[in-house]
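Notes for the one structure printed next.
None of the figures in this text is laboratory data; all of them are computed from the coordinates on show. Everything numeric here is computed off the predicted structure, so don't read it as measured data. Using ideal geometry, Cβ is built from the backbone for each residue, glycine included, and neighbour counts are taken over all protein chains shown.
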Amino acid sequence: MSPSPAYALRPWTDVVRPHDDIRSGDLALGTYAANLAQVAMTQEAAPVYGDAEAFFAATYFTPTMCGLLADVFGALSGQRGDRVVQLKTPFGGGKTHSLLALFHLARSRAAAASVPELDGIADPGEVRIAVLSGEYLDPARGREVEGRVIRTLWGELAFQLGGWRAYERLLVDGEEGPPPGGQRLGELLAGTPALVLLDEVLVYAAKAKSLRLGDSTMDRQVLLFVQHLTEAVNQQQHTALVYSLQASVGEAVGEEGLLEALEKIAGRIDERREPVSGDEVLRVVQRRLFADVGDDDVRSEVARAYGDLLTAQLAAAAETDGDRQEAAAAGRGLEQRILESYPFHPELLDLMFHRWGSLPTYQRTRGALQFLATVVHALWAKRSEREPQPLIGPGDVDLADEGSRLTFLEQVGATNQYASVVQADFLATDAGTRRIDERLGRDAPGLERARVGTRVATAIMLLSFGAREGAERGALERDVLETSLAPGLDRNVLLGALEGLRGEALLFLHHVGGRYRFEPQPNLNRLIQQETANVSRESVQIHVRARLEDVLGARGASRHVVLWPDGPGQVPDETEAFQVVYLAADWSPAQAALSRYVLESASGPRVARNALAFVEPASGRFDDARAAARRALAVEALLSQGSRVGLSGEQKEELRERLRVAEQELRAALGQAYTRVHVPLGLADDGTVRFATRDLGTILSGGRSLHERVREALQTYVADELFPTKIAALADLSDEREWRWVSEVAHALPRFFEAPKVWNQDALTTGVIKAVAQGALGYVAGAQERDGALFAPSTGSVRLREDLDPGSVGLGEGCALLRVSLAERLRSPSPPDARPQNDPPAPQIGRPDQLPIEVAPGGDATGLALSITATEDDLFTLSQALGKLRGLLGEGGTMGLQIEVRSATSGEAIDRLKARNTVVEPLEENDGVTLSWQWTGQTR
């Protein structure tokens, strides 16, 4: 079996190289929370933020961030342009990272020499830097520096730009007092280029609300300071101010009034920037997480494969040329996006940016770093345990990993509500995702390690939070499929997993208005699960048996089917029709060996030994059938009590669909519930029955019923009709015996293993009709035997070389098969006696103990020499005769045979390999046979 495309592409774990902290699992979440004050004022920052070279190496500089740096450093160099810039993005949108880039570029210009994106940015030379962090600074306690306490933002500004000397010029009567006006701030900013970084000013103002400063409150003085500062900066040629506010009222910590006031103060002057947007977020994350993203050719191959797959899936459903063009464009678009986001699937970016970005708890860049760092580490650490895909998509997130799970739930603000949901539907031993994984893996072993059920469910879980603008929460089927799609996992496989998850597997998956999403409230599966416990084993057994009768499709041929006998006594000793015995689901050879079913019946030794076949159950499939039957009965019970349990119309409709699916699964399981067919062929030397076996797995369903497949398996052994040559052989007519009752042949067929097996006696009737029409035999009805001779009721009752109506051919009393010469004599006006009065009585077919033995004159015969020339049409008769002859030998008697086989077609060679394997070697391996042999004729 050739590998699927998923395995032909290199997994991402063979291509990229994560940074050391990701590989080792050193994933303290604070590492991904950049803090400007820690870098500027303490020695506590992580090296990736505190060390300029490490920072520049791990930072992806977006075009907007490069534009921000160019404008700010242009202003510091005295160029025209905006000098006051506001960074207004959601939490985690790159504000602090941009402020850090400004800080390091101003302080450590040489460290940026290896970053080509920063080439061409103006260099103002030495730059004074003031960092005013609203999160770090405390307006109530101030900040202690060298034994002194700085209590205000303006005090910090003066000290950081000019040291204690500048700070002291700011004091009024030894106190920091109210904020200085624009002129004094201008004097402070003048001279050497000055960069002021004001971070989270709203947080600082909110903390200052309860503090008094003179006749006012501190927060009002902060607003006034910001107003004076923006005006002063705007008047200075070598100065720039970059500050950040929250993006919305929802993020303003309940301080809507302060946020509005700050926006009005600065809005007259500032230029607003968004440092990171769109796909740039993942590029930032990509640079931070991976030291190397691999070879361009490998990435291109993966991107092309995913693009082609999407094009093919969309084109398959396309109805117009326009649809097909859109499919091709979508594939090319995906290919380009994968090239930019590798090893992440762009759907993961869209999910986090467009869906989670609408959640108030989600931090767009910081949150992405924290979440993806844990995901990459978990998948990297377990790469030998689960099959890595070429890309990391939503379905690849390992919710079984505690770090990935907790970080995900924290980012979407659902830690408490959804912990039990993940436990029940993903982590529990009997979790529905695991059942679907096992079911699909059993049906298609190549999918076992892909864990398709878990993949699809994980994608839905991640898609359950947030929503695109103007859309409802949850994911459409199209979203789920496109998010989960990967080479080797086509649309049909994913749809099968989705149907199984929705059908009965998951307890908290809801499908409402065409959208899938997980909710903390259980769905109908919980009601079904509870009702299932009330379904008795007896009810399940009855339901399975009833459906099996339907699946067998044998109601019209019920005389051929024996279903679930408890033992040999429940299999009728039927001589009129061949019987197929479907053994019970719990049957085992130890319980009742098949030989017993062949040899025993309710009334004693079985007569119809040659009219049986046995179908062996596959116990595992019956387990599936019983589970589906139990669900179906539970759903039926819920529908019957809909008003009592308060079901809505929508839920009733869903239950009816669940019932349809359960019954469909029950029938499918029963269609595969039997594995082999056993046909008795004869008795072994120890008296046990020899069987031929056919595996039903080799017979394709093709929409056929189970019984139709069993009949195909039996077609080698059981005939629908007998050919004229076979009828003639069974009649065994000769000069000594010119006629035989048809009933003798009919009775022999089901009784003796040497006879052919037929589905029913119609096979004999059809054979007689053809034998008469072809002139191989004659036939008469209503005949009588007197003194060994056969008398026909009339010359016209003897039929030969003419077509017979099936209704005119009987198998009972008075119906006989005639040798052609006898039929011709009986058709003459005055037929002679069929046989001399002293002829010995005719032997019964198939009874070797009644065959006449001609004794040579002079005593009893102790042997018999035969010289036989036979064609393939005579082999059955030859087999019968040799079997009868063996029965005549006493204990210790032997048979010596000399056989020469010649090809019927001149010059046609016998297949020597087959002849040796099927004829010579079995004889050589039999201890009771002495064999010598050689090839004859021309050998090649």
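Going by the alpha-carbon gyration tensor, a ≥ b ≥ c the square roots of its eigenvalues, is segment 383-522 rounded (a/c under 1.5) or, if a/c is not under 1.5, prolate (a/b greater than b/c) versus oblate?
Values: a/c = 1.41, a/b = 1.25, b/c = 1.13.
Because its axes are fairly even, with a/c under 1.5, segment 383-522 counts as rounded.
For segment 377-402, no residue has its backbone nitrogen under 16 Å from a point 7 Å from the Cα of Gln529, taken along Cα to Cβ. Between amide H atoms placed 1.01 Å from N, distances below 5 Å from Val145 occur with Ile150, all of them 5 or more places distant or on a separate chain. Couplings for segment 703-709, taken from phi via the Karplus curve 6.51 cos²θ - 1.76 cosθ + 1.60 with θ = phi - 60°, read x, 8, 6, 4, 5, 5, 5 Hz in order; Gly and Pro are left as x.
Potential lengthening of the chain between Asp566 and Thr192 amounts to 124.4 nm, from the contour at 0.36 nm per residue minus the alpha-carbon distance. Extension gain, Asp138 to Ser114: 0.36 nm times the residue separation minus the Cα-Cα distance gives 4.9 nm.
3J(HN,Hα) along segment 379-393: 5, 5, 5, 10, 5, 7, 9, 10, 5, x, 8, x, 10, 9, x Hz, from the Karplus curve 6.51 cos²θ - 1.76 cosθ + 1.60 with θ = phi - 60°, whole Hz, x for Gly and Pro. The phi torsions of segment 625-641, fed into the Karplus equation with coefficients 6.51, -1.76 and 1.60 and a -60° offset, translate into couplings of 5, 5, 5, 5, 5, 4, 5, 4, 5, 5, 5, 4, 5, 5, 5, 6, 10 Hz, rounded to whole numbers, with Gly and Pro shown as x.
Can you give the local net charge around Ile769? Use residues other than it whose beta-carbon is closer than 13 angstrom to its beta-carbon, Lys and Arg +1, Asp and Glu -1. Present the calculation step by step, with values, prior to reporting the outcome.
Values: positive: Lys770, Arg799, Arg801; negative: Glu721, Asp762, Glu802, Asp803, Asp805.
Neighbour charge sum, excluding Ile769 itself: -2.
Using the Cβ of Thr575 as centre and a radius below 15 Å, the other residues enclosed give a net charge of 0, where K and R count +1 and D and E count -1. Taking the Cβ-Cβ separation of Glu410 and Ser358 as r and a Förster radius of 25 Å, what is the calculated FRET efficiency to the nearest 0.05? Calculated value: 0.90.
For segment 293-368, compute the orientation-averaged projected area of the C-alpha convex hull (one quarter of its surface), in nm². Show your work: numbers first, answer last.
On the way: hull surface 24.3 nm².
Value for segment 293-368: 6.1 nm².
Just to verify a number: FRET efficiency for Leu339 and Gln235, C-beta to C-beta distance, R0 = 51 Å, to 0.05? Rounded to the nearest 0.05, the efficiency is 0.60. For segment 18-87, the dipole from Cβ point charges (+1 on Lys and Arg, -1 on Asp and Glu) about the Cα centre works out to 320 debye, to the nearest 20. Taking amide H as placed 1.01 Å from N in the peptide plane, Ser601 has its amide H under 5 Å from the amide H of Arg606, each at least 5 places away in sequence or on another chain. Take the Cα of Glu472, step 7 Å toward its Cβ, do the same at Ala789, and the gap between the two points is 9.6 nm. Within segment 514-543, what residues put their amide N at less than 13 Å from the label point 7 Å along the Cα-to-Cβ vector of Glu653? From segment 514-543, the list is 514-515.
Amide H contacts of Val84 (H built 1.01 Å from N, in plane; Pro and chain starts excluded): Leu241, Glu271 sit under 5 Å, all sequence-distant by 5 or more or on other chains.
Sparse packing (at most 15 other Cβ atoms within 10 Å of the Cβ) combined with a DSSP loop state is found for the following trypsin sites (Lys or Arg not before Pro) in segment 446-512: Arg449, Arg468.
Between Asp26 and Ala444, the modelled labels are 4.3 nm apart [label points 7 Å from Cα along Cα→Cβ].
Remark: spin-label model distance Gln715-Gln664 equals 3.0 nm, labels positioned 7 Å along the Cα→Cβ axis. Relative to one another, the C-alpha centroids of segment 437-461 and segment 185-244 are positioned 58 Å apart. Extension gain for Glu126 to Ser821 (0.36 nm times residue separation, less C-alpha to C-alpha distance): 237.3 nm.
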